[in-house]
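Contents: one structure, followed by commentary.
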Amino acid sequence: MFYYLYEVKNNLNGNIYIGVHKTYDLEDGYMGSGKAICNAIKKYGIENFTKTILEFFVDQEAMFQKEKEIVTEEFVARKDVYNMKPGGTGGWDYVHANQIKANKWHTFDEEKKADIIKRSIETRKAKGIPPLSEKKRKEFSEHMKVNNPMFDPANVEKVRSKLTGVPKTKEHKENISKSASRKSTKGRKLKPGRKYSVTRVISDAVCPFCSKSGKLNAMRRWHFDNCKSKK
């Protein structure tokens, strides 16, 4: 597994995005998952962006710590960056945490809700995005209460108690298998510029600590974070 800090620069206006990434393939084409950088790439075209790897790390903790030191609140407030939150919290880990946080909105006291709304307004203002009006915010809140039954703790407990300890039926298992087969990369056409198939890329790996190569499953067990050469 490779852990690194990178910069994506818009060659047309000079705006930048600083992020971190962990991968087994340095040529996976990853350019960041932030909403602002994704929208910018869609608007200007990926050919007008340059990605530069700034630093490699031995583990995820060191990688996030470095991002936290660079992508501060002051950095995010700048008008020439695409970052929308301070670093050090992780990409999808941050998204999942905030999804859980959103589902617990009804449990927050008024002071905490006001603080979250205030920080949201400040972030949108720093990015030049018009803040939501109080009317719109109330409409959205009511919409979520009506259309999302999981806002009711009683419904959450009802679903949890109903599914706990219940074995999967044969039909359920077959549906899971079909879903997994649709996501398989086998037989997919190569993307422009790729020399190998997607399955070839993800099935072979090289350990960054001892440089040995092999099949991905075996390499994960004996190398990368478990490698004897890792200091």
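Only residues that are surrounded by 10 or more Cβ atoms within 10 Å (Cβ to Cβ) and at pLDDT below 75 were counted in the stretch 160-188, giving 3.
If only residues of the stretch 1-12 that are at pLDDT 90 or above and out of contact with any Asp or Glu (no Cβ under 8 Å at 6 or more places or on another chain) are counted, the one that is surrounded by the most Cβ atoms within 10 Å (Cβ to Cβ) is Val8.
Looking at Leu5, Leu54, just one residue is in a strand (DSSP E or B) and over 30 Å from Ile121 (Cβ atoms), and that residue is Leu54. Within the stretch 63-74, residues that are part of a loop (DSSP other than H, G, I, E, B) sit with their Cβ atoms under 9 Å from residues that are of a type in the set (S, T, N, Q), at 6+ positions apart or across chains, in these pairs: Val71/Asn83. When Lys35 is tested against (1) more than 11 Å from Tyr82 (Cβ to Cβ); (2) at pLDDT below 90, just one condition goes unmet, and that condition is (1).
For the residues Asn13, Asn39, the requirement of being assigned to a loop (DSSP other than H, G, I, E, B) and under 23 Å from Ile129 (Cα atoms) singles out Asn13. Just to be sure before I move on: is Glu27 outside the structural domain of Ser213 (by TED's automatic domain parsing), surrounded by fewer than 18 Cβ atoms within 10 Å (Cβ to Cβ) and in a strand (DSSP E or B) in the structure I sent? No, not satisfied. Restricting attention to the stretch 89-144, the residues that are modelled with pLDDT of 65 or more, surrounded by fewer than 11 Cβ atoms within 10 Å (Cβ to Cβ) and within 22 Å of Gly32 (Cα to Cα) add up to 1.
The values are calculated or read from the model by the stated rules, or taken from the named source; none is laboratory data. Keep in mind it's a predicted model, so treat the numbers as computed, not measured. Virtual Cβ from ideal backbone geometry, glycine too; neighbours counted across all protein chains shown.
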